[in-house]
Structure formats: C-alpha cells, structure tokens
Amino acid sequence: MEILKFILSSYGITFFLQHKAYPYLEKSEFMKKMLECTFCTGFHGGWISYLLLSTPEPVLRWQLFAELIAAGFAGAAASYIIDAIVSKIEGQ
C-alpha cells in the first residue's frame, strides 16, 4: 500500500506541476524545459513525495541524500509510465 501511495503521489505532483502550475512556472526558461519533460518533472515529484510520506519525519543524514535520489528516479519512472499509458488511452 505504501508503494501505491508513493506512485500516485509522485504522479499527482507531476501532473499538477505540468498542467495546473505551468502558467505560473513557465516564465523561467529552465522551468519551462523541465515541465515539458514528464521524466524530469517526475523526478522532482518523486523526492517531494518521499519527503511528504516519510514518517514521522526524515532525519538529516548522508543516507537521506541517497534515498531522495532513489525516490526521485522511482517517481520519474512511475510518472513516465503512467503518463505514457494515459496518453495511449486518450489517443494522443
């Protein structure tokens, strides 16, 4: 159940950033390029989800850095896969 919460949270954050917050974030060229890439935005959705779902709170340590990187890539992969599936369903 925890992995499902992580995957849905990562994709939810990615979707929000790409489709709802885009008008506010596209003013920066860097952000605009990042938001056009689901994998890139999913990476940030992944580490944000990890921090949000950590219980009770993440402790600052060197291992946390590795966990955030791993969660970022897991979120990126999950977001990319879900986005590809949704695109196929929508016929795009």
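Structural remarks
- Residues located in segment 16-47, provided they are within 15 Å of GLY72 (Cα to Cα) and free of Cβ contacts under 8 Å to residues at least 12 places away in the same chain: MET34, CYS37
- Selected residue (criterion: modelled with the highest pLDDT) from residues of segment 35-68 that are in a loop (DSSP other than H, G, I, E, B) and aliphatic (A, V, I, L, M): LEU60
- Per-region count, segment 44-92, residues within 18 Å of LYS5 (Cβ to Cβ) and either of a type outside the set (Val, Ile, Thr) or surrounded by fewer than 14 Cβ atoms within 10 Å (Cβ to Cβ) (or both): 26
- Scanning segment 11-30 for residues that are of a type outside the set (A, V, I, L, M, F, W, C) and assigned to a helix (DSSP H, G or I) yields TYR11, GLY12, THR14, GLN18, HIS19, LYS20, TYR22, PRO23, TYR24, GLU29.
- Residue satisfying condition, being free of Cβ contacts under 8 Å to residues at least 12 places away in the same chain, closer than 16 Å to TYR11 by Cα and not β-branched (Val, Ile, Thr), within set ALA66, ALA70: ALA70
The values are calculated or read from the model by the stated rules, or taken from the named source; none is laboratory data. For clarity, every value in this text was computed on a predicted model and none was experimentally measured. For neighbour counting, all protein chains shown are included, and Cβ atoms are generated from backbone atoms with ideal geometry for every residue, glycine included.
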